[in-house]
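Peer 1: Mind looking over this structure? Questions follow.
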Amino acid sequence: MRGVPGPRSVAAHWDLYRRRYRYGEVLHELWTRYGDVVRVPFPGRDIVLLAHPDGIHAVLASKAHYFRIFGQDMLRRITPWGLVATEGQVHDENRARMMLAMRKILARCVPEMAARACRHRLAMLQDGDTIDVGSLARDVTLGVAMAILYPATDDTPPTRPDEGEFAARLSRSSAWLLGLPLPLQWGAFAIDTRGTLRALGFQRKFRRQVGEAIQRARSRTVAEAPGDMLSLLVHGSETGGPMPEEFLADNILNLLLAAYETSGNALAWAIWEASGRPAIQARIAEEGGTMPDDPGAHESWMNDAHWIDATLRETLRLYPSVWTLCRQALADYRVGEWLFPRGTVFMASQWVTQRDPRWFANPFRFAPERWEEERAALAAGGSSNPKRPQFASFPFGAGNRFCIGKATFEFEGSMLLAAFFRDWIAEPVAECRPRPRFYATMRPDSPMMVRLRRR
Ligand code: HEM
């Protein structure tokens, strides 16, 4: 690591520790100062930030076989057979099944469940209310996650707070309790220890509930199976065979962890950024006005809702819920003039690279129109943005770990934005200043209060 740019002083280590919840911002500062390859101060481990899209492409996709996911040990403790925790052939087989199941439920139930969750939550709003759009968005995405994962029963409530709390707490949990040496969890002893203990305690209850849901799914015939993820995986007739018992619960748990907070927090930022910007809201409302009541017609509506699509893209550029991906080299690995030893951890940070002015003009400005202009240029036969490399924006990752829930997010996101701004004008409460906080995923550090006026 000799000669690799980056701070070396004890003060730099201390600074990183002191600002552990602002980790993304610290990385951004390091990149501004030292460039595209930076040695990140961390005791006892070689960690390197790679900020150029080409380097990111190599680590995540084209040379992914040189790396393993760093931090997987923690996931193995919680869900050893879940998609996120497995590797190699086991991962590939697991993933193929999950992708097939995901494709089926996208066609069968995601639009309907997303519409239901939005209707249910938005029906509670009243003219003149002051609400936290963070909790609104997370309620909706938890409702969708639960509805698509479990077999529906008449008494299934649209949201199940226990699971939500479990997932939220795990994403903020204490590193040392989970035994992980994650660089992003510097504040090991400071982070929500009581919450972590409760989350781990809750895991037993969660597993029991999933076990009961598996029995319920088994007791139905394939014809009766309602089309949720669990039923599809249990029966396996459409997903290349039934999923082995030990994989089932772990994968459902993985999906909950991967689906709920990521989507909920992204949508919270989207509504927050649009609040107080009448022009953005008006254009979402205009497209929202054409949203069909029939969930079956949502996909084609979504394909024409260009402004809403641009708003979601811009949100994930500026507020990537997954703000960094860490990979550990399995062999010596060369980047430019440096040869890094086996074991080096490479960080590809969405937060840093997606704010690079080389690829995005005015990178700190929330500007959905940048994506709209690119779409128009493409439609006119030009190129979207000739100078921007493909991996300048990678909110859903890349390669054989690419997010399997992107389309689900797009459904629930476009429906929530459309249904919310079609009926409401939102104004931010002046004293409210949420900032990103960097846990395993990124979430706002405070409520995002807005005042509602009926449109
Ligand atoms: C804003 C919303 C979301 C964002 C930003 C996001 C981001 C990501 C990213 C960056 C990865 C790659 C992780 C890596 O390379 O290590 C990933 C993987 C994954 N995501 Fe998402 N995700 C979102 C929503 C969802 C949803 C809604 C679901 C499920 C319905 C989901 C399920 C998964 C799963 C299962 C994986 C693991 C894939 C594998 O390891 O093969 N995600 N996600």
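The values are calculated or read from the model by the stated rules, or taken from the named source; none is laboratory data. Computed from a predicted model, the values in this text were never measured in an experiment. Cβ sites come from the backbone with ideal geometry, for glycine too, and all protein chains shown count toward neighbours. Calculation scope for accessible area: heavy atoms of the full protein, side chains included, ligands and nucleic acids excluded. Shrake-Rupley method; radii C 1.70, N 1.55, O 1.52, S 1.80 Å.
Peer 1: Please go through the stretch 58-85 and pick out each residue that is among the polar types (S, T, N, Q), at pLDDT 80 or above and within 19 Å of the chain's Cα centre (by Cα).
Peer 2: Once the filter is applied, which keeps residues that are among the polar types (S, T, N, Q), at pLDDT 80 or above and within 19 Å of the chain's Cα centre (by Cα), the stretch 58-85 yields only 79.
Condition check ((1) surrounded by 17 or more Cβ atoms within 10 Å (Cβ to Cβ); (2) within 13 Å of the ligand (Cβ to nearest atom); (3) of a type in the set (Val, Ile, Thr)) across all residues:
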residue: 52; (1), (2), (3): yes, no, no
residue: 67; (1), (2), (3): yes, yes, no
residue: 93; (1), (2), (3): no, yes, no
residue: 97; (1), (2), (3): yes, yes, no
residue: 113; (1), (2), (3): yes, yes, no
residue: 118; (1), (2), (3): yes, no, no
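Peer 1: Please tell me if residue 123 is closer than 21 Å to residue 411 by Cβ and without any contact (Cβ under 8 Å) to a residue 12 or more places away in the chain.
Peer 2: When the stated conditions are applied, residue 123 passes them.
Peer 1: Report the residue count in the stretch 394-425 for those that are among the charged types (D, E, K, R), buried (at least 24 other Cβ atoms within 10 Å of the Cβ) and within 28 Å of residue 28 (Cα to Cα).
Peer 2: 0
Peer 1: Turning to a different aspect of this structure: Do we find that residue 392 is closer than 30 Å to residue 100 by Cβ, more than 12 Å from the ligand (Cβ to nearest atom) and at pLDDT 95 or above in this structure?
Peer 2: Against the criterion (closer than 30 Å to residue 100 by Cβ, more than 12 Å from the ligand (Cβ to nearest atom) and at pLDDT 95 or above), residue 392 does not qualify.
Peer 1: Taking residue 318 as the residue in question, decide whether it is open to solvent by 70 Å² or more (accessible area, probe 1.4 Å), in contact (Cβ under 8 Å) with a residue 40 or more places away in the chain and within 16 Å of the ligand (Cβ to nearest atom).
Peer 2: No, not satisfied.
Peer 1: So for the stretch 205-218 (the condition being under 22 Å from residue 321 (Cβ atoms), in a helix (DSSP H, G or I), of a type in the set (Asp, Glu) and open to solvent by 10 Å² or more (accessible area, probe 1.4 Å)), does at least one residue qualify?
Peer 2: Checked the stretch 205-218: no residue is under 22 Å from residue 321 (Cβ atoms), in a helix (DSSP H, G or I), of a type in the set (Asp, Glu) and open to solvent by 10 Å² or more (accessible area, probe 1.4 Å).
Peer 1: Another question, if that's okay. So residue 256 fits all but one of (1) at pLDDT 80 or above; (2) in a loop (DSSP other than H, G, I, E, B); (3) open to solvent by less than 20 Å² (accessible area, probe 1.4 Å); what number is the exception?
Peer 2: (2)
Peer 1: Name the single residue that is farthest from the ligand (Cβ to nearest atom) among those in the stretch 69-89 being assigned to a helix (DSSP H, G or I) and open to solvent by 60 Å² or more (accessible area, probe 1.4 Å).
Peer 2: The qualifying residue farthest from the ligand (Cβ to nearest atom) is 77.
Peer 1: Look at residue 39 and say whether it is away from the ligand (no atom under 16 Å from the Cβ) and in contact with a strand residue (DSSP E or B) (Cβ under 9 Å, 6 or more places away or on another chain).
Peer 2: For residue 39, the condition - away from the ligand (no atom under 16 Å from the Cβ) and in contact with a strand residue (DSSP E or B) (Cβ under 9 Å, 6 or more places away or on another chain) - is met.
Peer 1: Among the listed residues 361, 379, identify the single one that is among the aliphatic types (A, V, I, L, M), within 21 Å of residue 51 (Cβ to Cβ), out of contact with any Ser or Thr (no Cβ under 9 Å at 6 or more places or on another chain) and free of Cβ contacts under 8 Å to residues at least 24 places away in the same chain.
Peer 2: Sole residue among the options that is among the aliphatic types (A, V, I, L, M), within 21 Å of residue 51 (Cβ to Cβ), out of contact with any Ser or Thr (no Cβ under 9 Å at 6 or more places or on another chain) and free of Cβ contacts under 8 Å to residues at least 24 places away in the same chain: 361.
Peer 1: Confirm whether residue 327 is more than 22 Å from residue 210 (Cα to Cα), in a helix (DSSP H, G or I) and within 21 Å of the chain's Cα centre (by Cα).
Peer 2: no
Peer 1: Open to solvent by 40 Å² or more (accessible area, probe 1.4 Å) and touching a Cys at 6+ places or on another chain (Cβ under 8 Å): does that describe residue 428?
Peer 2: no
Peer 1: In the stretch 120-138, what residues are more than 30 Å from residue 219 (Cβ to Cβ) and assigned to a helix (DSSP H, G or I)?
Peer 2: 121, 122, 133, 134, 135, 136, 137, 138
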